[in-house]
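Student: Below are the structure tokens for one structure; questions will follow.
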Amino acid sequence: MIRHLAGNLSLLRGGSGALLVLLHPLALAGQLWRPLAAKLDGFDILAVDLRGHGESPWDGKPFSIEDMADDLGVTLDVLGLDEISLLGMSMGGSVAMTFAGKYPERVRSLVLADTTAWYGENAPTAWAQRAAKAADTARADQLPFQLDRWFSPGFRESHPDEVDRVCEIFLHTDSHAHAAASVAMGELDARPLLFSVRAKTLVLAGEHDYATPPSMAGELAGAIPGATLEILPALRHLSLVEKPELAETIHRHLTETA
């Protein structure tokens with residue numbers, strides 16, 4: 001995959017075929033998707049670094065999930081891309097559903113993994129506390145909390161190289177951008193946009209994901225017209241990293257949509 005800068009976003013691009021944009025979780029980056037992208041044959045893949053993440057710049061000012069969705073729109077305009085398929089996981093899923101709700105004519109098909117439109121009434125307070133920890137705690141000291149959420153114990157034991165790869169992406173994420181994005185997640189409420197989504201939508205949720213549990217996925221699938229829900233046995237929050245073989249499920253959904 002080759003790195004590009006389009007608009008204010010850096011991205012990795014590779015493959016050929018139908019266009020598929022991948023949006024990563026909080027405090028990670030587009031390179032997270034390399035194993036999954038390698039299994040998604042037949043697609044021109046854009047793995048985006050969202051604002052302040054990876055190699056994408058950030059001006060230090062507060063921003064919202066909607067701002068991140070608008071960043072994507074600008075990048076697509078710069079690249080001359082009108083209609084896309086879109087996959088987002090966790091924070092990336094929140095950005096993806098916001099984009100698909102604001103610009104329904106631009107999204108042909110949608111995959112939302114381990115994500116939500118709203119974290120609940122107490123979200124602003126809870127996420128503000130997480131933002132403070134992200135900014136004030138050494139990044140390496142944040143990893144135990146993250147690892148328990150991201151991966152099942154069995155995967156951590158059996159795939160240490162892949163776990164280390166994801167940890168390195170996290171360690172290189174700017175702490176203050178991580179904090180700003182956490183505040184944005186706390187303020188997220190994309191529920192009013194879900195009814196506007198036109199894209200054929202697949203909602204995926206790890207069975208043991210306690211960051212965005214299956215109940216949240218069920219609410220998404222119930223609100224997005226025609227959406228399909230699939231619960232993934234034994235997986236946690238980074239389901240598509242732990243099991244890149246899910247590329248087959250994604251490929252089938254995107255192909256059926258096309």
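Student: Subtract the Cα-Cα distance of Thr249 and Thr228 from 0.36 nm times their separation in residues, and report this length gain in nm to one decimal.
Tutor: In short, 6.4 nm is gained.
Student: Oh, and also: Using the alpha-carbon centroid of each, what span in Å lies between the range 177-198 and the range 1-56?
Tutor: Answer, in whole Å: 20.
Student: Still on this model: Running a GNM on the chain with Cα contacts under 10 Å, which residue among Gly52, Gly15, Gly30 ends up with the highest mean-square fluctuation?
Tutor: Residue with maximal mean-square fluctuation among Gly52, Gly15, Gly30: Gly15.
Student: Ok, one more. Using only the Cα atoms of the range 64-148, what are the Rg and Dmax in Å?
Tutor: 15.5, 43
Student: I want to verify the translational diffusion coefficient of the chain in µm²/s; compute it with Stokes-Einstein, Rh as the Kirkwood radius over Cα pairs, at 4 °C and 1.567 mPa s.
Tutor: So the translational diffusion coefficient is about 72 µm²/s.
Student: Of all DSSP beta bridges located in the chain, what percent are antiparallel, nearest 5?
Tutor: In the chain, DSSP labels about 30 percent of beta bridges as antiparallel.
Student: Distance cut-off 25 Å, Cα to Cα: go down the list Lys102/Lys243; Lys39/Lys200; Lys200/Lys243 and report the pairs above it.
Tutor: Lys102/Lys243
Student: Test of understanding: extend the Cα→C-beta vector of Asp189 to 7 Å, then name every residue of the range 64-107 with backbone N under 15 Å from that spot.
Tutor: Counting only backbone N, you get 65-66.
Student: Another question, if that's okay. Once amide H atoms are placed 1.01 Å from N in the peptide plane, what residues at a sequence separation of 5 or more from Val21, or on another chain, have their amide H within under 5 Å of its amide H?
Tutor: Under 5 Å from the amide H of Val21 lie the amide H atoms of Leu46, Ser85, Leu86, Leu87, each far enough along the sequence or on another chain.
Student: Here is a follow-up. Do the sum for the chain: with -39,500 (n - 2.57) for every DSSP H run of n ≥ 4, divided by all residues, what is the mean residue ellipticity at 222 nm, to the nearest 500 deg cm²/dmol?
Tutor: After summing the helix terms and dividing by residue count, I get -13500 deg cm²/dmol.
Student: What spacing in nm lies between the two simple spin-label points modelled at Ala38 and His159, each 7 Å away from Cα in the Cβ direction?
Tutor: Between Ala38 and His159, the simple spin-label model gives 1.1 nm.
Student: Rounded to whole Å and sorted largest first, list the principal axis extents of the Cα atoms in the range 111-204.
Tutor: 41, 31, 20
Student: Relative contact order (percent) for the chain, with alpha-carbon contacts under 8 angstrom and 6 or more residues of separation?
Tutor: So the answer I get is 22 percent.
Student: Going from the alpha-carbon gyration tensor of the range 1-132, what semi-axes, largest first and in whole Å, does one get by taking the root of 5 times each eigenvalue?
Tutor: Sorted largest first and rounded, they come to 24, 16, 15 Å.
Student: Next up: Within the chain, what's the longest run with no chymotrypsin sites (Phe, Trp or Tyr not before Pro) in a DSSP loop and at most 16 other beta-carbon atoms within 10 Å? Give the range, please.
Tutor: Answer - 59-194.
Student: Still on this structure, I have one more. Identify the residues of the range 41-73 with backbone N under 20 Å of a label point that sits 7 angstrom from the Cα of Ile2 along the Cα-to-Cβ direction, or state none.
Tutor: 41-49, 55-56, by backbone N distance to the label point.
Student: Could you list the GluC sites (Glu not before Pro) in the range 47-97 that lie in coil according to DSSP, counting only those with at most 15 other Cβ atoms within 10 Å of their Cβ?
Tutor: Listed in order of number, the matching sites are Glu55, Glu83.
No value in this document is a laboratory result; all are computed from the given coordinates. What you see is a predicted model; the values in this text were computed from it and never measured. Methodologically, a virtual Cβ is constructed for each residue, glycine included, from the backbone with ideal geometry; neighbour enumeration extends over all protein chains shown.
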